[in-house]
Every structure is written in structure tokens, then in C-alpha cells.
């Protein structure tokens, strides 16, 4: 953990939060603070990290003071190689070269120039306007897709009392992941999903549909945190945290 995160986490225990702003004025501190509170109150000891990319979220969790298990899923081969190397030194962090979805199948994924934009969906004109060539498709790759409930028992660490946080960041595919988790969703204490206000991908569910899906599965809204704004400061995407009622 970097010194600045250690200092921030120490100050947090005294009732103060240090806010670090990005060059564009954004801050992840509110999500970090809320996540720490959720993890403590719900006693989270396992995070299922869907759409792990190269492990940035796992490292973010460690910097935020979480020391429990992380189970990461990433389908794009180049990303997975980096993710796997990142997990080697961690006994409580495992990586799986899989996508999660509503069916067990082989499927083509669109790999973009900046691979964090890779998706099963096509980018919209809005995406190309906001991010240019970064979100343009450079290749396609056949990946293995599995329902979470079909692999759940195989990938979960051995825990006497698992308290699971399901994090999803799949570029428009989160509801497919939820559909494939119906057989194990009752074991999930809280969910984090990236929801859309302005669609960056075709056939991407909107935030109303996303909230309804979470509600139907027994979750209630706990927090909303902007991920990215457009040039006019309109919200494009939000991180939605929901807890089991």
C-alpha cells in the first residue's frame, strides 16, 4: 500500500477523510469511503470482481484497507496475462480467464484500442465522440462465458461464513452477469454495478432498468457515484452500490 493511502486510512479512523482530486476534478474518495463503511458493516470477506481488466479494482481495494479474498474474472487474453501476474504474490487473490454472463457459451468480444472499453456490445457514436480512438474496436476475440452460479462452488475460497460483495464493470453486460447469478445471488450481501445514464454501447440497459433488476433480486440502493462526465458535466455512467434488504 502506498504511503498516501496508509495515511488516508489512518485519518479515516479519526473521523476525517482526505480527498484526492483527479486533473479533471473527479474524486473516488466518496466511493472509497462508502465502500469501507459497507465492507465493515456487512463484514465482507470475499469480493467477486467481474470485468477485472488488469487488476486495477483489486489494487484499489487493497489501498482502501480491504485484506480479504478477491476472485477476479477477465476474458480478454492480453488483460488476463497482466492480471494473473498481479495476483501471483497474493494468497487471497485468484484470477480466472472467463467472462460471466447469462449462458454457458463461447462468444466473440470486441477488443478496443484501450482495452478497458472492450465489450460484447458495439460502441455508440457517443462513445467515439467522448473517447475517440480509445473506444474504437481493434480486434475480436473468442472467449469462454460461464454463468456465475455454474462455477460458484469451484471458484469460491473456503470460508466458514462467506460475506460476498459482487462488483461488476463489464461495459454494458452487467445485467447478463446478474441473470447468470440467480442460483447463488442469495449468498451475495452487496452489489456494485456500473450503470448507464448516457449509453456508450449499443443495447446497453439504462439506469432505470438496472435499478429495477437489482430491486427484483432483493437489493436496495445504498449509493450512487459518478464514474465519468461529458464535456458539459452531464453524468455518463455511475457506480451503483446496492445492499441486500
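For segment 44-244, count all C-alpha to C-alpha pairs, find those more than 32 Å apart, and express that count as a whole percent of the total.
Values: 2033 of 20100 pairs.
Everything past 32 Å amounts to 10 percent.
For a paramagnetic label modelled at 7 Å from the Cα of residue 138 toward its Cβ, which residues of segment 92-112 fall within the zone defined by backbone nitrogen distances under 14 Å?
Correct set: 110-112.
Can you tell me, using C-alpha contacts under 8 Å and at least 6 residues apart, the relative contact order of segment 57-115 as a whole percent?
Values: 44 pairs, mean separation 20.9, N = 59.
This gives 35 percent for segment 57-115.
Would you calculate a helix-derived [θ] at 222 nm for the chain, using -39,500 (n - 2.57) for each DSSP H run of n ≥ 4 and dividing by the full residue count, to the nearest 500? Numbers along the way, then the final one.
Details: 8 runs with 74 residues, N = 245.
It lands at -8500 deg cm²/dmol.
Which distance in Å, rounded to a whole number, links the C-alpha centroids of segment 57-83 and segment 171-245?
19
Under a plain spin-label model, where a point goes 7 Å from the Cα along Cα-to-Cβ, how far apart in nm are residue 113 and residue 30?
Result for the modelled spin labels: 3.2 nm.
Have a look at the DSSP beta bridges in segment 44-244 and tell me what percent are antiparallel, nearest 5. List each step's numbers first, then the result.
Working: 26 of 48 bridges.
Percent antiparallel among DSSP bridges in segment 44-244 is about 55.
Please arrange 91, 222, 210, 35 by how many other C-beta atoms lie within 10 Å of their C-beta, fewest to most.
Numbers: 91 8, 222 17, 210 21, 35 27.
Least crowded to most crowded, the residues run 91, 222, 210, 35.
Relative contact order for the chain: what percent, with Cα pairs under 8 Å and sequence separation of 6 or more?
Contact order relative to length: 16 percent.
Would you order 40, 126 from fewest to most other beta-carbon atoms within 10 Å of each residue's own beta-carbon? Don't jump to the answer; show the numbers that get you there.
On the way: 40 11, 126 15.
Ranking 40, 126 by Cβ neighbours within 10 Å, fewest first, gives 40, 126.
What order do you get for 53, 229 when you list them from fewest to most C-beta neighbours inside 10 Å?
On the way: 53 20, 229 17.
In increasing order of surrounding Cβ atoms, one gets 229, 53.
Normalised by the number of residues in segment 101-150, what is the relative contact order in percent for Cα pairs under 8 Å and 6+ residues apart?
On the way: 80 pairs, mean separation 26.4, N = 50.
Rounded, it is 53 percent for segment 101-150.
Rounded to the nearest 0.05, what FRET efficiency do residue 77 and residue 14 have when you use their Cβ-Cβ distance and R0 = 30 Å? Numbers along the way, then the final one.
Details: r = 45 Å, r/R0 = 1.49.
According to the calculation, E is roughly 0.10.
Could you work out the Kirkwood radius for segment 28-92, taking every pair of different alpha carbons, averaging 1/r and inverting it, reported in Å?
Details: mean 1/r = 0.0810 Å⁻¹.
Value: 12.3 Å, from the Cα pair sum.
Coordinate-derived values only; no laboratory data. Treat the numbers as computed from the prediction; the structure is a model and nothing was measured. Note that we place each Cβ from the backbone using ideal geometry, even for glycine, and neighbour counts take in every protein chain shown.
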